[in-house]
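The values are calculated or read from the model by the stated rules, or taken from the named source; none is laboratory data. Since we're looking at a predicted model, the values are computed, not measured. Don't worry about glycine lacking a Cβ; one is built from the backbone with ideal geometry, like all the others, and counts go over all protein chains shown.
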C-alpha cells in the first residue's frame, strides 16, 4: 500500500530528446534554409522576374510574399506547437517548404509564383520559433550555448553567403537552383526533425480551449505592419494610400489582439514575460544586432555594385569575410558562454562590431573588396558573439511554460529587426546621398574654370575612343556627373557606417542596464507521456 502510494506520488520522468545533438543540427539547417530563402537578392530576383514576365514594381512583391508569410505563421506556430507538438508542426512545415521551393521555378505566372512563395513562407516560418523553443525546453542547459550559437551563426552565414550562391547559380548553372537548393536542404531537415525532436501526444484540452482566432488576428496585424515596412520606401511611405492603410489596419489588429489576450484567464501568449527583469532590454538588443547584421550585409554590397561596378559573384566574395569565419567563431562563442558572464560577452561583442563599423568609416571612392576585409571580420566576430550571448541571456528569464512564447518573440524580433533595419538603412542612405549630391553639386558650377578643366580632362581621356564632333565633350560631362554620384554614394555609405556604430554604442549602454537574471527552473515543460497498460 505504502509502496503504491509512493509510486503514485513520484512524478513521471520528463521526456527529453533521445538525440539532442540532432536537434542542434536541425536548428542549424533550419536557420540557414530560412535565411537563404528570405535573402532573395536583386541578383536572383531579376532572373525570377524575367521568367514570369514581371516588371520591377510587380516583382518587388516576390520576396515580400515569403517574408510576410513567415511573419504570419510565427505567432500561430505558438498555438500549433502547443496543441500538436513542435515535432509534428515542423515536419509538416518542412514538407510544405520543400515542395513549394521545388515547384516555384515551374510557376507559369507571377500570381502562381507569389502563391508558392506564401506556401514556402508558411512552412519555413515554423522553423525558427519552434526550434528556438526546442533549445530551451528539450536540451540540457549546458547545451544551450551550442544550439543558440548554431542559430546565430546561420542567420549571419545565410545572409552573407546568399549573394555568392545566387551569383554562382545565375552565371554557371541556372536561376532555378536559387529555389531548388532549399528543397535539397529540406530533405535532411525532415530527418533531423524526425529523429531529433520529442514525440509528444496531442494536447486535446489545449486544442479545444486555445485562442486560435485571437492568434490569427494578432498574426494578421503583425503581417500588415511588416508588409508596409517592406514596401514603404518603394511606395514613398505616407504618400501611398496602400502603405497608410496597411499600417492603420495592422496597428488596429495588433491592439485588438493585445486587448483580447489580456482578458483571457489562460492566454496563448504570456505577456507577463515582457515585464520580467531585463526582457525588454534583451529584445531591444536583438533588434539592434539585427540592424548591425543588416548594415554589414547591405552597405558593403551596395557600395561595391554602385561605385566599383562589381558583378554579383565578386560582391559575394567580399561578404564571405563575414560568412566563412562563422564556422570558427560560433563554436568558440558557445564554448565561452559556459565560462563567462553572458552580459560581458554581449558588451564585448557590441564593442568589437562597433569598432568594425568605425574602421569602415575610412572609406573612399577608391576602396575595393580587400579594403573591407578587416572591418568585416571584426563585424562578423562581434555580431555572432553578441547575438548568441543575448539570446542565451534571454533564455535565463524563461520558465518551463514560456519556451514556445520565447521562440515566437525571437522570430518576431528577428523579422521586424531585419526589416526595420533594412527600411531605416535604405531611407537614411538615400536621403544622405541626396544631401551630399546637392552639396557636391554646388561646387560643380557650369562655366566654372575648375569644372571646365575637369570636363576637358575627361574628354581628352576618352577622345581616342569617341566618334563624332562634340561627343567627347558630352562623354566628359557624363563622366563628371558619374564622379559626383560616386562621391555622394560613398559619403552616404560612410554615414551608414556611422549610424551603425551609433546603434552599437547605444547597445553597449543598454548592456550596462542589465541585471542578474531571476532564478527560474528551466526543466522542460512538456506533457507527461501516458503510461502504457
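Contact annotation: residue pairs with Cβ atoms under 7 Å, 6 or more positions apart or on different chains, pairing a residue in the range 388-409 that is assigned by TED's automatic domain parsing to the domain that holds residue 282 and surrounded by fewer than 24 Cβ atoms within 10 Å (Cβ to Cβ) with a partner that is modelled with pLDDT of 80 or more and outside any helix (DSSP H, G or I), are 397/278. Going residue by residue through the range 239-253, is there one that turns out to be surrounded by fewer than 18 Cβ atoms within 10 Å (Cβ to Cβ) and in contact (Cβ under 8 Å) with a residue 40 or more places away in the chain? No. The set of residues in the range 182-215 being farther than 19 Å from residue 90 by Cα and part of a helix (DSSP H, G or I) consists of 205, 208, 209, 213, 214. Only residues that are surrounded by fewer than 13 Cβ atoms within 10 Å (Cβ to Cβ) and modelled with pLDDT of 50 or more: list them for the range 503-533, please. Matches in the range 503-533: 509, 512, 513, 515, 516, 518, 519.
Residues that are modelled with pLDDT under 85, over 30 Å from residue 149 (Cβ atoms) and not assigned by TED's automatic domain parsing to the domain that holds residue 246 do occur in the range 37-45, at least one of them.
Residues are listed down the side, and each one gets a yes or a no for (1) outside any helix (DSSP H, G or I); (2) at negative phi; (3) more than 20 Å from the chain's Cα centre (by Cα); (4) at pLDDT below 75:
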residue: 5; (1), (2), (3), (4): no, yes, yes, yes
residue: 21; (1), (2), (3), (4): no, yes, yes, yes
residue: 24; (1), (2), (3), (4): no, yes, no, yes
residue: 47; (1), (2), (3), (4): no, yes, yes, no
residue: 50; (1), (2), (3), (4): no, yes, yes, no
residue: 54; (1), (2), (3), (4): yes, yes, yes, no
residue: 70; (1), (2), (3), (4): no, yes, no, no
residue: 76; (1), (2), (3), (4): no, yes, no, no
residue: 83; (1), (2), (3), (4): no, yes, yes, no
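Only helices (runs of 4 or more DSSP H) whose full extent lies in the range 310-402 are considered here, and the ones with at least 1 residues that are at pLDDT 85 or above and closer than 18 Å to residue 502 by Cα are 342-360, 373-395. Of the numbered criteria (1) closer than 15 Å to residue 319 by Cβ; (2) crowded, with 24+ Cβ neighbours inside 10 Å, the one residue 165 fails is (2). Reported count of residues in the range 106-118, each being within 24 Å of residue 189 (Cα to Cα), over 23 Å from the mean Cα position of the chain (by Cα) and crowded, with 18+ Cβ neighbours inside 10 Å, is 0.
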